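Peer 1: Below are the structure tokens for one structure; questions will follow.
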Amino acid sequence: MQYDYFNLWTTPLLVAMDEDYDSLKDKAIEQALTYYKPNYTHVAGILKDNLYESEFNFFDIAREKEFKELLYIEDRLKASFINMFLDYFKSNHYPWPGGMGDLENVNEDNIHVDFHEGWVHISEGRGSYHGTHNHPNSSWSAIYCLEVSDVAKEKGGLLQFNCPYNNMYSDAGLFFQSEYSIFELCPKNGGMFFFPSNVKHMATPYHGDRTRIIISVNMKVNIGDNNNV
Ligand SMILES: [Fe+2]
């Protein structure tokens, strides 16, 4: 029997480790902690508790203060995203029936990424959490795990990504959707996560003893000869 099929709404989540983490962590943590104000956030406060969230100019301040290690992290996230994004799609990992189209002739120099928002989360345990949300007005988002040594299944602080479907029913026939209704990850120090900004996600309540520090960015992406992001 002949039939067509469409692998709809596949969602890539790209993950890598920063191999330079050990050499930058001490200074980068010290720099990130200079932003700290107890229990402060300037957006969507109802979704979070017991954490500090900086404003979105995290990397602008790092530039002003010449925080070399934080700026390294910004560069590392950008270069890693461009590299993985291109490799992922060029390697045909994404089940897109139209093929790779214009990407076939694109190289890393033709991908322009604007980190238009960057911020830090600093959590001191005590059930600190960030409820389910996504990031508006952005293309892709990224997370850099600067200090997650005490994050664990029994202590929380895990990352959870929600399936884009509303799963109201599950049986063997829907096995391919139900396995990852919620995809949970235990982040490691130096871990970098990249995901489409419209994917809903959250951080589970954190009860660890060590300060948990996560740096996040929202980006806009342009592909082509002209950088107009
Ligand atoms: Fe988020």
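The values are calculated or read from the model by the stated rules, or taken from the named source; none is laboratory data. Worth saying up front: this structure is predicted, and the values here are computed from it rather than measured. Backbone-built Cβ (ideal geometry, glycine too); neighbour counts: all protein chains shown.
Peer 1: Give the stretch 113-133 a look and list any residue that's at pLDDT 95 or above and of a type outside the set (A, V, I, L, M, F, W, C), or say none.
Peer 2: Residues satisfying the conditions are Asp114, His116, Glu117, Gly118.
Peer 1: Can you confirm whether Tyr129 is of a type outside the set (Lys, Arg), within 16 Å of the ligand (Cβ to nearest atom) and either surrounded by fewer than 19 Cβ atoms within 10 Å (Cβ to Cβ) or assigned to a strand (DSSP E or B) (or both)?
Peer 2: Working: of a type outside the set (Lys, Arg): yes; within 16 Å of the ligand (Cβ to nearest atom): yes; either surrounded by fewer than 19 Cβ atoms within 10 Å (Cβ to Cβ) or assigned to a strand (DSSP E or B) (or both): yes.
Yes: the conditions hold for Tyr129.
Peer 1: While we're here: Within the stretch 206-220, restricting attention to residues that are crowded, with 19+ Cβ neighbours inside 10 Å and away from the ligand (no atom under 15 Å from the Cβ), which residue is nearest to Trp119 (Cα to Cα)?
Peer 2: First, the residues of the stretch 206-220 that are crowded, with 19+ Cβ neighbours inside 10 Å: 206, 208, 211-219.
From what's left, away from the ligand (no atom under 15 Å from the Cβ): 208, 211.
Values: Gly208: 21, Thr211: 16 Å.
Out of the qualifying residues, it is Thr211.
Peer 1: Just one of (1) modelled with pLDDT under 90; (2) touching a strand residue (DSSP E or B) at 6+ places or on another chain (Cβ under 7 Å); (3) assigned to a loop (DSSP other than H, G, I, E, B); (4) more than 13 Å from the ligand (Cβ to nearest atom) trips up Tyr52, so point out which.
Peer 2: (3)
Peer 1: Go through the stretch 187-205 residue by residue and tally those that are away from the ligand (no atom under 14 Å from the Cβ), at pLDDT 95 or above and surrounded by 15 or more Cβ atoms within 10 Å (Cβ to Cβ). Before the answer, list the steps.
Peer 2: The first filter runs over the stretch 187-205 and keeps only residues away from the ligand (no atom under 14 Å from the Cβ), leaving 188-192, 205.
Restricting the remaining residues to those that are at pLDDT 95 or above gives 188-192.
With the extra rule that they be surrounded by 15 or more Cβ atoms within 10 Å (Cβ to Cβ), the set shrinks to 189-192.
Within the stretch 187-205, residues that are away from the ligand (no atom under 14 Å from the Cβ), at pLDDT 95 or above and surrounded by 15 or more Cβ atoms within 10 Å (Cβ to Cβ) number 4.
Peer 1: Of (1) under 18 Å from Arg76 (Cα atoms); (2) away from the ligand (no atom under 14 Å from the Cβ), Tyr165 satisfies all except one. Which?
Peer 2: Result: Tyr165 fails condition (1) only.
Peer 1: Select from the stretch 97-125 the residues that are of a type in the set (D, E, K, R) and surrounded by fewer than 14 Cβ atoms within 10 Å (Cβ to Cβ) and list them in ascending order. Quick ask: steps written out before the conclusion?
Peer 2: Residues of the stretch 97-125 of a type in the set (D, E, K, R): 102, 104, 108-109, 114, 117, 124.
Asp102, Glu104, Glu108, Asp109, listed by residue number.
Peer 1: One residue is enough: does the stretch 94-107 have a residue meeting the conditions within 15 Å of the ligand (Cβ to nearest atom), farther than 23 Å from Gly157 by Cβ and either β-branched (Val, Ile, Thr) or assigned to a loop (DSSP other than H, G, I, E, B) (or both)? So that I can check it myself, show each step before the final result.
Peer 2: Looking only at the stretch 94-107, we keep the residues that are within 15 Å of the ligand (Cβ to nearest atom), and these are none.
No; the residues of the stretch 94-107 include none that is within 15 Å of the ligand (Cβ to nearest atom), farther than 23 Å from Gly157 by Cβ and either β-branched (Val, Ile, Thr) or assigned to a loop (DSSP other than H, G, I, E, B) (or both).
Peer 1: Given the conditions (1) modelled with pLDDT of 95 or more; (2) part of a helix (DSSP H, G or I), and given that Phe175 satisfies all but one, which numbered condition is not satisfied?
Peer 2: It is condition (1) that Phe175 fails.
Peer 1: Still on this structure, please answer the following. Would you pick out the residues in the stretch 108-126 that are in a loop (DSSP other than H, G, I, E, B) and of a type in the set (D, E, K, R)? Spell out the reasoning first.
Peer 2: In the first step, residues of the stretch 108-126 are kept if they are in a loop (DSSP other than H, G, I, E, B); the result is 124-126.
Scanning the stretch 108-126 gives Glu124, Arg126.
Peer 1: Here's something else I'd like to know. Quick one: what pairs do we get from the stretch 1-25, first residue assigned to a strand (DSSP E or B), second at pLDDT 95 or above and loosely packed, with under 15 Cβ neighbours inside 10 Å, C-beta under 8 Å, 6+ apart or different chains?
Peer 2: Listed pairs, sorted by first residue: Met17/Lys188.
Peer 1: For the stretch 50-75, give me each residue that is in contact with a Leu (Cβ under 9 Å, 6 or more places away or on another chain), farther than 28 Å from Gly131 by Cβ and surrounded by 14 or more Cβ atoms within 10 Å (Cβ to Cβ).
Peer 2: Glu69, Tyr72
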